[in-house]
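Peer 1: Quick one: this structure, given as structure tokens, is what I'll be asking you about.
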Amino acid sequence: MLIGSHNLLENLAVMASAVPFCISLCSFLAPLTETCQKAVFGVAMGLSVAVLLLVGFPHRIDFLIHLPNGLIVLAAFFGGLPAIVPALIVVAGVAGAQAGTMAGLAMGQALLSGAIGIIFHCLRRRLAPTALEMAGLSCLAALTLVFCGLVEGDAGERRQAEILDPALLLFLTTFLSMAGMGREITRNRRLGEARLLRTIIDALPDNLLVSDRAGRFITANPAAATFLGRGAKDRLAQAQLADFFDGQTLRAITAHQQAVIIEHAPRLRDYPFVLKTGQAGWLSSMKAPILDDDGRLVAIISLDRDITQAKEIELQHVQTEAILREAIGCMADAMVVLDEDNRILLINQQYSALFAQTEMIIGCHIETVLRRAAPLYHAAGEDAQAFSARVLAMMRVEGRSDLTLGPDFHVSMTVRQMANGYRLVVLSDISAARAAERAMLSLNNRLEQLARIDEVTGLFNRRMLNQHLDHLLGDRDGAEPALTVMLIDVDHFKCYNDTYGHLAGDACLAAIGACLTGLAGELPLAIAARYGGEEFALVLPGIRRVAAASIADVVRRRIRDLAIPHKASVFEVVTVSIGLASGPMQGLSDAASYLSAADLALYRAKASGRDCAFTFHANMLPPPTA
């Protein structure tokens, strides 16, 4: 029996009923992964084929087996292998049970339809099928039905009704189904993208506002609503800038927006803001135009970021930098910062003041500057290259070193390593300190000299006499040394001062000191000292008793020969009395014992009429106490 046109329409209606189900299924599969979506989609298409086979009309069931293969084509085209495999499994099971001996032919047609769909699936480049793809795939699906009908081999006039009509049915159902499913997939994809975009916009920490040309808000994200104090983004609909800003802030935002409207180009600006709620700060606002297909402006999108904290940090940074620069400028020392290639990054004013005759240029190599400065600061006999190499080597070593740049120009160089290989070189002018150091050294020498030398006579003082005697008597290795200590006293010196005055008395002492200095120079290792007042001392190492007496007589005569007038003396000239203590001798062991013995001898010389010398002997020692 032929399948009439009314049966075609009925079968078309039955097949078309499966398509909305599959289209609706696309929306529910969106949360799944792509592979799971295709697998579930294939199972659904296979079940649709099974339903069509089960409810098909009992007119030549063998041809009805071929009609639902349009769904197989759709499953392969839209889902690829993950969809076609489960669909073919379902079709194979149902077709074999329903069609009996026709199962082999039905599966052949299903496989052929699936292969065609897979080929078109691999070739397609867009999400939704094009009209050419839909027409080509529908034609190939219909041709598979015609091919299978011819293979069946039933000749006659039935061919048109039994083959061409189902083929037309398959073409129409396949074409319309592809169109519907393509639109649904595109719509679902766009809805998904829109939801994703909305989610991203709502999650933005920055304020996003879309407004029309008049400044009325069209939409906003939650961050913008919270910033403006409305709480919910829906409460911003149809609100205006004037509802939230006023004064200078409103004028700045309006000017920014007008610039975007006029220029039809994005603009970024930073400006301070004050909300009507009292909140104040800084905004960084990017405004861009939204244009229609004809280039007309339909809205303005604003992405605003609260940069109040960043501005505060920037202001603090600027203030800190200004303070740092001022501090560097107020430094008492010269400062130079060098990079890893020894190029100058920074200098301060003190450098220019300290090295006014050299030119320091930012970015210049320090070696170039040193070579220019060499003629001014290099040491004697040192050429420019040697000077540059010497100073550059000092700059490479972290720590402190002193550099002499002239007879009276000295600097202290301190080098510190910084990050990124940079070096900080601090140059301190220590010329004044060096001059003070030299003055202090001279003063110390002078003080040391004053501590050793008698100012009136130029002889060693009593302190140095004692130290010298302690040294001679302490360095004897157990043997008693030959040593003579001679004390010399000016006769009637008080009367001399009373007669001629103290200035004349100092001159008299100085003359005697010079005489003793000359005599000490004639004797090896001898020293002369002022013992105190008008008393002098001669220390004669290696001189024993007899020789000492001869030297004492020479001393007495040389001083008398000075012929210094002394009217108050019976000798009418200045004379001296001398006491000698010569060792080794029992009882003479240290400086105090020698000086004490010489003093006893001096007392005997004075008692003997003065202008004479007396030598200490053992009988003059006081008897030991019990």
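Peer 1: Of Thr308, Gly329, Leu346, which is farthest along the charge dipole of region 268-406 in the positive direction, counting Lys and Arg as +1 and Asp and Glu as -1 at C-beta?
Peer 2: Gly329
Peer 1: Okay, next question. Would you check the accessible area of Thr615, probe 1.4 Å, heavy atoms only, in square angstrom rounded to 10?
Peer 2: Thr615 exposes around 30 Å² with every protein chain in place.
Peer 1: Now, a different point. Highest mean first, how do 588-599, 305-316, 194-205, 541-552 rank when packing is the count of other Cβ atoms within 10 Å averaged over residues?
Peer 2: Most protected by this proxy first, the peptides run 588-599, 541-552, 305-316, 194-205.
Peer 1: Further question on the same structure: Determine the relative contact order of region 187-244: mean sequence separation of Cα pairs under 8 Å and six or more apart, normalised by residue count, in whole percent. Before the final figure, lay out each step's value.
Peer 2: On the way: 71 pairs, mean separation 14.6, N = 58.
Contact order relative to length: 25 percent.
Peer 1: Just grab the label-to-label distance for Ile362 and Met394, each label 7 Å out from Cα along the Cβ direction, in nm (one decimal).
Peer 2: Simple spin-label model gives 2.7 nm for this pair.
Peer 1: As a test of reading the structure, rank Phe460, Phe355 by solvent-accessible area (1.4 Å probe, protein chains only), most first.
Peer 2: Phe460, Phe355
Peer 1: Considering only protein heavy atoms, what per residue accessible area in square angstrom results for region 181-294 with a 1.4 angstrom probe?
Peer 2: 56 Å²
Peer 1: Please work out the ratio of the alpha-carbon Rg of region 337-480 to 2.2 N^0.38 Å and round it to two decimals. Don't skip to the end; give the middle numbers.
Peer 2: Numbers: Rg = 24.4 Å, N = 144, 2.2 N^0.38 = 14.5 Å.
That ratio works out to 1.68.
Peer 1: A further question on this structure: Convex hull volume of the Cα atoms in region 419-565, per residue, in Å³?
Peer 2: Residue-normalised Cα hull volume stands at 192 Å³.
Peer 1: How far is it, in nm, from the label point at Gln240 to the one at Glu263 when both lie 7 Å from their Cα along the line to the Cβ?
Peer 2: The answer from the label model is 2.6 nm.
Peer 1: Another one. What are the extents of the Cα atoms of region 193-326 along their three principal axes, in Å, largest first?
Peer 2: That works out to 57, 33, 33 Å along the principal axes.
Peer 1: Right, something else. Give the calculated FRET efficiency between Ala203 and Cys36 to the nearest 0.05, with a Förster radius of 41 Å applied to their Cβ-Cβ distance.
Peer 2: According to the calculation, E is roughly 0.95.
Peer 1: Given R₀ = 56 Å, FRET efficiency for Ala511-Ala353 by Cβ-Cβ distance, to 0.05?
Peer 2: Efficiency for this residue pair is about 0.50.
Peer 1: Let me ask you something else. Under 5 Å between amide H atoms, partner at least 5 residues away or on a different chain: which partners does Val573 have, H built in plane at 1.01 Å?
Peer 2: Placed amide hydrogens put His566 under 5 Å from Val573.
Peer 1: Multiply the residue gap between Leu315 and Leu297 by 0.36 nm, knock off their C-alpha separation, and tell me the result in nm, one decimal place.
Peer 2: Length difference between fully extended and current span is 2.7 nm.
Peer 1: Let me have the relative contact order for region 476-626, percent, based on Cα pairs under 8 Å that are six or more residues apart.
Peer 2: Numbers: 263 pairs, mean separation 44.4, N = 151.
Once divided by the residue count of region 476-626, the mean separation gives 29 percent.
Peer 1: Can you send over the carbon and sulfur percentage of the accessible area for region 192-338, probe radius 1.4 Å, protein chains only?
Peer 2: 57 percent
Peer 1: Quick check: residue separation of Glu480 and Tyr422 times 0.36 nm, minus the Cα distance between them. What number comes out in nm?
Peer 2: Working: separation 58, 0.36 × 58 = 20.88 nm, distance 7.01 nm.
Gain in length upon complete extension: 13.9 nm.
Peer 1: Continuing with this model, one more query. Residues with beta-carbon under 11 Å from that of Glu314, excluding Glu314: net charge, scoring Lys, Arg +1 and Asp, Glu -1? Write out the running numbers ahead of the final one.
Peer 2: Values: positive: Lys311; negative: Asp270, Glu312, Glu321.
Around Glu314, the surrounding residues sum to -2.
Peer 1: Moving on. Under a point spin-label approximation (7 Å from Cα along Cα-to-Cβ), what is the Gln385-Glu572 distance to one decimal in nm?
Peer 2: 8.4 nm
Peer 1: Here's something else I'd like to know. At a Förster distance of 30 Å, what's the computed FRET efficiency of Leu503 paired with Ser442, Cβ-Cβ distance as r, to 0.05?
Peer 2: 0.60
Peer 1: Okay, moving on. Relative contact order (percent) for region 273-421, with alpha-carbon contacts under 8 angstrom and 6 or more residues of separation?
Peer 2: Rounded, it is 11 percent for region 273-421.
The values are calculated or read from the model by the stated rules, or taken from the named source; none is laboratory data. Given the structure is predicted, the values throughout are model-derived calculations rather than measurements. Neighbour counts run over all protein chains shown; Cβ positions are idealised from the backbone, glycine included. Each accessible area value is taken on the protein alone, full model and side chains, heavy atoms only, with ligands, DNA and RNA left out. Shrake-Rupley method; radii C 1.70, N 1.55, O 1.52, S 1.80 Å.
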